[in-house]
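See below for the structure under consideration.
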Amino acid sequence: MIWTWIKAAPRTSLTQRGWVKCGRHISVECICHERRCNDGRTKAKQSRAKRNVTLMCSVPRLKSCMLSSVPVLSWLPRYSLRDNAIGDLISGISVGIMHLPQGMAYALLAAVPPVFGLYSSFYPILIYFIFGSSKHISVGTYAVMSVMIGGVTERLAPDSNFMMYVNATNQSMVDVLARDTERVKVAAAVTFLSGLFQMLLGLVQFGFVVTYLSEPLVRGYTTGAAIHVIVSQLKYTFGISPKRHSGPFALIFTVIEVCYLVPETNIGTLVVSLVSIIGLIMVKELNTYLGKKLPVPIPVELLGIIIATVISWQVNLEGKYGVEVVGEIPSGLQPPVMPTASLFGQVIGDAFALSVVGYGIAISLGRIFALKYGYKVDSNQELIALGLSNSIGGVFQCFAISCSMSRTMVQESTGGKTQVASALSAMVILVIMLWIGALFEELPKAVLAAIIYVNLHGMMKQFMDIPTLWKSNKVDMLVWVATLILTVLFNPDIGLAASIAFSMLTVNEIPGVVIFRSSATLYFANAEMYQDALAEKVRSQELLCTTQAYFDKLAKRLSCFAYILLCAYGERDRHYSSENEVEKGVATVEEGSKPVSTLPRAIILELSPVNFLDTVGVKTLRNVSRLYALISILLNRLTCSASSPRSFSPSFSFSLSLSISSDKMPKCNVAKMRDTIQAK
């Protein structure tokens, strides 16, 4: 598959600059001049170095680079107190209140003391505030990331490594302090390394990797990871201590172990769990029912942990009924400590999986809100922002973070318009860590497990994707189900790799197709460059292919974009002359007796950014149609621009007479188009 991007210059400019992408190859910068002498191409290449030195060393270029690398410098000076301050303040306090119970609960998933969940809700948020490009997402602790961290910490620091013999009772018990200290080191090491991976991927412009994480794959994966989360919390719900299992089918072995230990359930812990779950669900349903009437949602998790802490302190649940509580929560902040480098070799695979999963979840949610509010999220900058958040967070003994759907929805619904809301939520966590945290030492862990269960109900609703996908796309449904099964049977990291591999196997390649896209409208200033780029890319490729997934996506977008299909096939096979040079960017063709295998069978011009055509643009498309033996033009209704159909109508006739108007346009059958290409 070939994508060619041409970034248009202003109409008054004499220099055209842009980036051309081809497949997986690195982009090549092109500089084309509208006025060329006889050897214009040679002179343009000779002057390239001088121009690049001037551009690269200019102050405006340095300023632009700085603003793109540190986005807060571009939007914070223009921050409107009148328009945004009140909404961001309310949103920041609301989200900060959510960070407290979720941070402590997800720390249990990561198998580290709850206070480290509060650290992970403070440092990374401040870093993302500076370097993030999304205005609405709320980064911090996330269930899927936490359970992946927990798998690493329990594997490298299991309870069996910290058993000690107690003479008074003649029994062996776990040295909890030594175990937790080692697990914090493991969590910090894998988090630091995952941040380095994300920064490296961002610096090499690897943001496109998220395209391999399709929506069915992500939703199936998060559903499978949610099942891992639920199973990992059963020990806190029943008050039992099952053995930890690792490797393939570990979840099944854990469920069997839990079922075996059910008769040993602590009744007090089970009662606390059931009451907490029922209470949380009831208040959340009340939130939903009164959602339009309440200015701010009821902070159900905060109320839950406050009430549970007071009851536990007054009744002495730990002493009388053996209910496990959070324990000591130190006040203040931890000093920075470099992660243990000796652990990097043991967690490198887990770190890479964390970096990809965390980025995929954050960029997916970020793009949803960017599309809703009309701004752009830079995928590579998001990688760098998340990488810095995790790597710096690892130095401060945090565990890996990503974006939370529940907190993001609250941040957006309560009026948050910028990342100032996130910074304010971090200030709320800072106050809690400095002065309030010690008050929650009597909080039962069963309540935190209940909070996790209730917050996962949205992921459990994703099972309803199966009947929907069955009706719309059975291949996507197969990817969803296979991803779920692979994630449940294997650990989340191995399951992700296996799911991506399976998803790639479902891709059906269609050879001989070129997809050519211009990122600007087609007019006199870039018409010649458009022909140059198209001719060069068609000639330079030995094998051109695209995927069935693109045609499926094309079918969905045809309601608002125009596409032209130019097919080079028929009784008169054509090929390019290797001896003829391109004159003025227009390739020449000649008839031959045998087809050339290196030529495409079809060329798709994606004209979504083309909102008008001048006479030069129309002539350019006519030249392209003659060069590549126009067979058919496929257009659909142009709802994105009311003026576009009228701009195309008078001159867009070619050899096939099509009546193109704003209300009557030929419908195109993409499936038939695909079958026609394959048949040829």
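Some points to look at:
- Cut-off under 5 Å, modelled amide H: who pairs with VAL325 long-range: LYS445
- Taking all protein chains together and a 1.4 Å probe, the residues HIS245, HIS457, HIS99, HIS228 rank HIS457, HIS245, HIS228, HIS99 from largest to smallest accessible area.
- Estimated from the Cβ-Cβ distance and a Förster radius of 56 angstrom, the FRET efficiency linking ILE130 and LEU505 is about 0.85.
- Average accessible surface area per residue within segment 415-501, 1.4 Å rolling probe, Å²: 41
- Karplus (6.51, -1.76, 1.60) ³J(HN,Hα), θ = phi - 60°, over segment 71-85, in Hz, Gly and Pro reported as x: x, 4, 5, 8, 9, 5, x, 9, 5, 9, 5, 5, 8, 10, 4
- Legend: translational diffusion of segment 262-410 by Stokes-Einstein, Rh = Kirkwood radius over C-alpha pairs, 37 °C, 0.692 mPa s; D = 167 µm²/s.
- Shape of segment 163-243, Cα gyration tensor, a/c cut at 1.5: oblate
- For segment 71-506, carbon and sulfur atoms together expose 68% of the accessible surface, with a 1.4 angstrom probe and every protein chain in place.
- Coupling constants for segment 320-326 follow from the phi torsions by the Karplus curve (6.51 cos²θ - 1.76 cosθ + 1.60, θ = phi - 60°), and in residue order they are 8, 10, x, 7, 6, 10, 4 Hz; glycine and proline get x.
- On the principal axes of its alpha carbon atoms, segment 67-197 extends 68, 31, 20 Å, with the longest extent given first.
- Taking amide H as placed 1.01 Å from N in the peptide plane, the amide H of ARG517 sits under 5 Å from that of THR4, GLU606, each at least 5 places away or on another chain.
- Ranking GLU441, GLU318 by solvent-accessible area of protein heavy atoms (1.4 Å probe, all protein chains present), from largest to smallest, gives GLU318, GLU441.
- FRET efficiency for the pair LEU303 and THR615, taken as 1/(1 + (r/R0)^6) with r the Cβ-Cβ distance and R0 = 56 Å, rounds to 0.25.
- Measuring r between the beta carbons of LYS471 and ILE267 and using R0 = 56 Å, the FRET efficiency lands at 0.75.
- 3J(HN,Hα) along segment 138-155: 10, 7, x, 5, 9, 4, 5, 5, 5, 5, 5, 4, x, x, 6, 5, 6, 6 Hz, from the Karplus curve 6.51 cos²θ - 1.76 cosθ + 1.60 with θ = phi - 60°, whole Hz, x for Gly and Pro.
- Once both labels are positioned 7 Å from their Cα atoms along Cα-to-Cβ, the gap between ALA497 and ILE86 label points is 5.4 nm.
- Distance between the 7 Å Cα→Cβ label points at ASN287 and SER74: 3.3 nm.
- Residues with amide H under 5 Å from that of SER402, placed H, sequence gap 5 or more: GLY140, TYR142
- Alpha-carbon Debye profile of segment 71-506, log10 I(q)/I(0) at 0.11 Å⁻¹: -0.83
The values are calculated or read from the model by the stated rules, or taken from the named source; none is laboratory data. All figures in this text were calculated on a predicted structure; none of them were measured in a lab. As a convention, Cβ positions derive from the backbone with ideal geometry for all residues, glycine included, and neighbour counts pool all protein chains shown. When the accessible area is computed, the model is the full protein with side chains, heavy atoms only, and any ligands, DNA or RNA have been set aside. Shrake-Rupley method; radii C 1.70, N 1.55, O 1.52, S 1.80 Å.
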